[in-house]
1. Run down GLU42, GLU75, GLU54, GLU61 and say which single residue is out of contact with any Gly (no Cβ under 7 Å at 6 or more places or on another chain), within 30 Å of ILE16 (Cα to Cα) and among the acidic types (Asp, Glu).
2. Applying the selection to segment 18-54, what residues are without any contact (Cβ under 8 Å) to a residue 24 or more places away in the chain, among the small types (Gly, Ala, Ser) and farther than 18 Å from ALA6 by Cβ?
3. Within the bounds of segment 31-44, is there any residue that is open to solvent by 70 Å² or more (accessible area, probe 1.4 Å), closer than 21 Å to GLU67 by Cβ and either acidic (Asp, Glu) or touching a His at 6+ places or on another chain (Cβ under 7 Å) (or both)?
4. Of all residues in segment 45-54, how many are part of a loop (DSSP other than H, G, I, E, B) and surrounded by 13 or more Cβ atoms within 10 Å (Cβ to Cβ)?
5. Six or more apart or on different chains, Cβ under 7 Å: which pairs go from a residue in segment 55-72 that's open to solvent by 80 Å² or more (accessible area, probe 1.4 Å) to one that's of a type in the set (Ser, Thr, Tyr)? Could you list them?
6. Look at segment 73-88 and say how many of its residues are of a type in the set (A, V, I, L, M, F, W, C), surrounded by fewer than 14 Cβ atoms within 10 Å (Cβ to Cβ) and part of a helix (DSSP H, G or I).
Amino acid sequence: MDGTIAALSKLVDYGIDEVTAAATYYMAETYSNFSRSLLESERPADLKPEDLEEFKNKLDEAAFPFEEKTIKVHEKNMELLHAGVFNS
C-alpha cells in the first residue's frame, strides 16, 4: 500500500489536472480497499466470543484512519471537480 500511495503521489506532483484527478481517485480507492480488507480479514477460530468481539473492535480501530483518509482524498477530488477538473 505504501508503495502504491508513493507512486500515485508522484503523479500528483506533476501538476497535470487530469492526472491529479485520476491519481487522487486511485489513492482513495487504495485506502478504502485496505480498510475493507482489514474489516473483512479472517478471524482466529479459537477465540472466545468476548475475545472475538474485542478483536473486531481492534480491527475497527485500525481501519478507521484509512476510512478517514479515503474521505479526505475524495473530498480533494470533489474540489477538483468543482474547479472544472475531471476525466473519465
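The values are calculated or read from the model by the stated rules, or taken from the named source; none is laboratory data. None of the values given here were measured: they were computed from a predicted structure. So basically every Cβ, Gly included, is an ideal-geometry build from the backbone, and we count neighbours across all protein chains shown. When the accessible area is computed, the model is the full protein with side chains, heavy atoms only, and any ligands, DNA or RNA have been set aside. Shrake-Rupley method; radii C 1.70, N 1.55, O 1.52, S 1.80 Å.
1. GLU75
2. SER37, SER41, ALA45
3. Taking every residue of segment 31-44 in turn, at least one turns out to be open to solvent by 70 Å² or more (accessible area, probe 1.4 Å), closer than 21 Å to GLU67 by Cβ and either acidic (Asp, Glu) or touching a His at 6+ places or on another chain (Cβ under 7 Å) (or both).
4. Of the residues in that region, 1 qualify.
5. LYS69/TYR31
6. 2
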